[in-house]
1. Quick check on the stretch 139-157. Is at least one of its residues outside any helix (DSSP H, G or I), buried (at least 18 other Cβ atoms within 10 Å of the Cβ), within 11 Å of the ligand (Cβ to nearest atom) and in contact (Cβ under 8 Å) with a residue 24 or more places away in the chain?
2. Need the failing condition index for Glu65 against (1) open to solvent by 10 Å² or more (accessible area, probe 1.4 Å); (2) assigned to a loop (DSSP other than H, G, I, E, B), just the number.
3. Among the listed residues Leu119, Leu47, which satisfies the condition of being within 16 Å of the ligand (Cβ to nearest atom), closer than 23 Å to Val205 by Cβ, among the hydrophobic types (A, V, I, L, M, F, W, C) and modelled with pLDDT under 95?
4. Which of the residues that make up the stretch 117-134 are out of contact with any Leu (no Cβ under 9 Å at 6 or more places or on another chain) and open to solvent by less than 20 Å² (accessible area, probe 1.4 Å)?
5. In the list Gly382, Gly439, which residue meets the criterion of being closer than 27 Å to Leu276 by Cα, at pLDDT 95 or above, within 21 Å of the chain's Cα centre (by Cα) and of a type outside the set (A, V, I, L, M, F, W, C)?
6. Among the residues of the stretch 251-265, is there at least one that is open to solvent by 30 Å² or more (accessible area, probe 1.4 Å) and not in a helix (DSSP H, G or I)?
7. Only residues that are in contact with a Phe, Trp or Tyr (Cβ under 9 Å, 6 or more places away or on another chain) and within 13 Å of the ligand (Cβ to nearest atom): list them for the stretch 122-138, please.
8. Answer yes if at least one residue in the stretch 5-28 is touching a Phe, Trp or Tyr at 6+ places or on another chain (Cβ under 8 Å), closer than 15 Å to Asp166 by Cβ and open to solvent by less than 20 Å² (accessible area, probe 1.4 Å), and no otherwise.
Amino acid sequence: MDRGNMNTVDVITRKRDGFKLEADEIRYMVEGYTQGDIPDYQMAAFLMAVYFREMDREETVALTEAMKSSGDTADLTAIKGIKVDKHSTGGVGDKTTLIAGPLAAACGVPVAKMSGRGLGFTGGTVDKLESIPGFSTAVEEKEFIRLVNENGIAVIGQTGQIAPADKKIYALRDVTATVENLSLITSSIMSKKLASGSDAILLDVKCGSGAFMKTIGEAEKLASLMVDIGTAGGKRTAALITDMSQPLGMGVGNAIEVREAIEVLKGKGPEDITELSVRLAAMMVYLGEKAEDEEKAVEMVRKALEDGRGLEKFRELVKGQGGNPRITEDYSLLPEGKICLPLRAWEDGYIEEIDAMRTGLASQHSGAGREKKEDAIDLSAGILFNHKVGVFVKKGETICEVYGNDVKKAEKALEEMSNAVRISKDEPGVPALIKKTIGR
Ligand code: URA
């Protein structure tokens with residue numbers, strides 16, 4: 001691309017002042033940053049300008065295309081069957097990939113999944129999987145294909161070849177408070193999904209205090225735009241809009257969530273995360289054309305959960321990528337925090353609210369997430385609930401526990417959790433878990 005007459009400061013200025021950018025200008029920023037010609041500080045300023053001034057549909061399509069074209073497109077044609085990818089827009093306690101992936105694979109859908117790390121206050125599947133001793137998410141394309149053909153499932157981190165622009169921009173957004181923007185989220189997710197080589201895409205668009213989209217209106221806008229872009233890119237694409245007003249399940253953190261995912265696959269998990277995982281897996285089965293309608297797909301998935309085939313697939317996934325499958329019987333093989341601080345109810349009453357974003361931040365601050373790009377994370381850290389919204393607790397009863405290895409961090413997280421939970425005398429309503437389906 002001829003960059004001769006383009007200037008980084010001019011492009012930043014034009015976006016800062018609210019102008020619509022040309023596709024060429026957007027490509028210039030993405031290519032320049034990916035190749036190292038544009039430094040972090042200029043890209044950070046550009047992202048902040050996009051955050052405040054926003055991009056329209058055309059700019060978002062151009063940004064997605066530029067990010068997708070920054071790398072290769074995976075060729076997964078050597079994998080037999082309709083490959084279905086699933087992606088969440090990011091939530092708190094969202095370990096559905098670890099459950100829905102194996103369940104869909106157990107129903108015959110090849111699951112070739114590329115996942116991300118934690119972003120802001122939300123967790124990431126790659127970090128969660130890395131809490132399994134020996135598990136590797138850095139897998140080359142050839143090996144990835146072999147694993148999916150052999151086991152029906154593989155979950156890897158974003159390789160350097162797929163949308164490298166997103167890999168760099170994602171890490172920068174994480175530490176510059178520029179995550180919560182419709183165009184940046186859309187382009188980040190869809191550039192990867194369009195380059196990932198799958199045939200169909202299922203999007204789990206989170207909505208509520210623990211999601212980047214706080215209202216149903218924003219979530220619908222995001223879901224529709226992503227479904228449009230996926231469909232225009234030749235992939236069958238559907239989105240579920242799902243609740244994220246309180247954390248999903250009981251656990252938030254990395255090893256904590258892996259443990260909970262295993263419990264769900266054993267049929268002993270919390271109801272919300274079990275139900276959502278079943279519905280996501282069923283949609284994957286339907287998009288993968290293994291069931292003629294969604295109802296049949298739900299039946300198939302429930303059966304795979306009940307007869308243990310989902311758990312068996314999870315074990316194959318772990319073993320295939322070098323992890324120790326014995327973690328499913330012996331949780332002590334997973335990282336465990338030395339510190340455990342309880343949050344006790346300060347009065348009798350119903351749990352009226354567990355603010356998901358505050359919980360996500362508390363988990364991040366306990367050590368489970370990064371504050372700087374280069375930060376190491378504590379895979380054992382996080383929050384484990386005893387109770388969820390709607391439950392009556394007695395004064396002194398433990399509502400949740402903060403885990404970790406650093407007393408200062410755990411104490412800070414505990415204080416944050418005391419502000420995340422509200423107790424009331426009135427019994428609260430619990431919001432619907434699945435709010436809407438778009439596309440399919
Ligand atoms: N997941 C992504 O991959 N990117 C985002 O921007 C948000 C969630």
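The values are calculated or read from the model by the stated rules, or taken from the named source; none is laboratory data. Predicted, not measured: the structure shown is a model, and the values here were computed from it. Cβ atoms come from the backbone with ideal geometry, glycine included; neighbour counts cover every protein chain shown. Just the protein is used for accessible areas: all its heavy atoms, side chains included, with ligands, DNA and RNA removed. Shrake-Rupley method; radii C 1.70, N 1.55, O 1.52, S 1.80 Å.
1. no
2. (2)
3. Among Leu119, Leu47, only Leu119 is within 16 Å of the ligand (Cβ to nearest atom), closer than 23 Å to Val205 by Cβ, among the hydrophobic types (A, V, I, L, M, F, W, C) and modelled with pLDDT under 95.
4. Result: Gly118, Leu119, Thr122, Gly124, Val126.
5. Step by step, each of Gly382, Gly439 is checked, and only Gly382 is closer than 27 Å to Leu276 by Cα, at pLDDT 95 or above, within 21 Å of the chain's Cα centre (by Cα) and of a type outside the set (A, V, I, L, M, F, W, C).
6. For the stretch 251-265, residues open to solvent by 30 Å² or more (accessible area, probe 1.4 Å) and not in a helix (DSSP H, G or I): absent.
7. Within the stretch 122-138, Thr122 is the sole residue that qualifies.
8. No, the conditions are met nowhere in the stretch 5-28.
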